[in-house]
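**Student:** Sharing a structure below in structure tokens format, with a few things to ask.
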Amino acid sequence: MDTNRLSKTIEAALNDQMTKEAHASQIYLSYASWADSAGYEGIANFLFRHAAEERNHMMKILEYIQKRGGRVIITAIPAPNPDPTSVNDCFNKVFEAEVDNTNSIYRLVKMSLDEQDWATWNFMQWFVKEQIEEETMALDLISKIKIAGGETANGDALYTLDRDLENTPDDARSAETVTTDNP
Ligand code: OFO
């Protein structure tokens, strides 16, 4: 008896999405490392915490595939994009990456709808909601850098922005306190 409750197509798409979340985590890690080396410790801290959140998204999908009797396939994670050229560039790239991830999540939702796989459709609603928060977070970053002067933001404005992000609580909890259910 086949105990896999996922179709081959959905199983493959979920595995791809799992790798995409791992890739998102690597992107945040690389941008955080760039920010740290450029002296923006507050921004780095914010992005490091977000990298942990993306890894938890990866785990959430991994556990779902297993729960449904599917096969998890761990593959290589693509390299993150090149380093940002400025804080403005960094925040715009964060937004682009989030929108790209949202589109990928929407494709999975559509696929589960077409296949009438209601369990996966229901599972994916958590990610749909999460992406609203993530895109809002990325848009907030863009607003902050715009106010600071965008590409021509001066040292004082960037210093204030860096301190602000260090002290602003965001949805991403520290790595020690996150769980798969509560990333
Ligand atoms: Fe940035 O979000 Fe995962 O899904």
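**Student:** Can you find, within segment 1-18, the residue that is nearest to the ligand (Cβ to nearest atom) among those that are crowded, with 18+ Cβ neighbours inside 10 Å and in a helix (DSSP H, G or I)? Before you say what the answer is, go through the steps one by one.
**Tutor:** Keep residues of segment 1-18 that are crowded, with 18+ Cβ neighbours inside 10 Å, which gives 6, 10-11, 13-15, 17-18.
Checking the rest, the ones that are also in a helix (DSSP H, G or I) come to 10-11, 13-15, 17-18.
Numbers: Ile10: 17, Glu11: 18, Ala13: 14, Leu14: 12, Asn15: 15, Gln17: 8, Met18: 10 Å.
Once the filter is applied, the top-ranked residue is Gln17.
**Student:** Taking the condition of being part of a helix (DSSP H, G or I) and either within 15 Å of the ligand (Cβ to nearest atom) or of a type in the set (S, T, N, Q) (or both), how many residues in segment 78-89 meet it?
**Tutor:** Counting residues in segment 78-89 that are part of a helix (DSSP H, G or I) and either within 15 Å of the ligand (Cβ to nearest atom) or of a type in the set (S, T, N, Q) (or both) gives 1.
**Student:** Hey, can you tell me all the residues within segment 118-168 that are of a type outside the set (Gly, Ala, Ser), more than 18 Å from the chain's Cα centre (by Cα) and closer than 22 Å to Ser104 by Cα?
**Tutor:** Trp118, Thr120, Trp121, Asn122
**Student:** Next question, about the same structure. List the residue pairs whose Cβ atoms are under 6 Å apart, where the first residue sits in segment 122-136 and is farther than 13 Å from Glu53 by Cβ, the second is part of a helix (DSSP H, G or I) and within 11 Å of the ligand (Cβ to nearest atom), and the two are 6 or more positions apart or on different chains.
**Tutor:** Met124/Leu108; Glu135/Glu98
**Student:** A follow-up question, please. Here's a check for you: in segment 58-77, which residue that is open to solvent by 70 Å² or more (accessible area, probe 1.4 Å) and not in a helix (DSSP H, G or I) is farthest from the ligand (Cβ to nearest atom)?
**Tutor:** The extreme case among them is Arg71.
**Student:** Would you confirm whether any residue within segment 28-51 is free of Cβ contacts under 8 Å to residues at least 60 places away in the same chain, within 16 Å of the ligand (Cβ to nearest atom), open to solvent by 30 Å² or more (accessible area, probe 1.4 Å) and touching a Ser or Thr at 6+ places or on another chain (Cβ under 8 Å)?
**Tutor:** no
**Student:** Go through (1) open to solvent by less than 10 Å² (accessible area, probe 1.4 Å); (2) free of Cβ contacts under 8 Å to residues at least 60 places away in the same chain; (3) among the polar types (S, T, N, Q) one by one and return the number of the condition Asn101 breaks.
**Tutor:** Only one criterion in (1) open to solvent by less than 10 Å² (accessible area, probe 1.4 Å); (2) free of Cβ contacts under 8 Å to residues at least 60 places away in the same chain; (3) among the polar types (S, T, N, Q) is unmet by Asn101, namely (2).
The values are calculated or read from the model by the stated rules, or taken from the named source; none is laboratory data. Because the structure is predicted, anything quoted here is derived from the model rather than measured. We place every Cβ from the backbone using ideal geometry, glycine too, and count neighbours over all the protein chains shown. All accessible areas refer to the heavy atoms of the entire protein, side chains included, with ligands and DNA or RNA removed. Shrake-Rupley method; radii C 1.70, N 1.55, O 1.52, S 1.80 Å.
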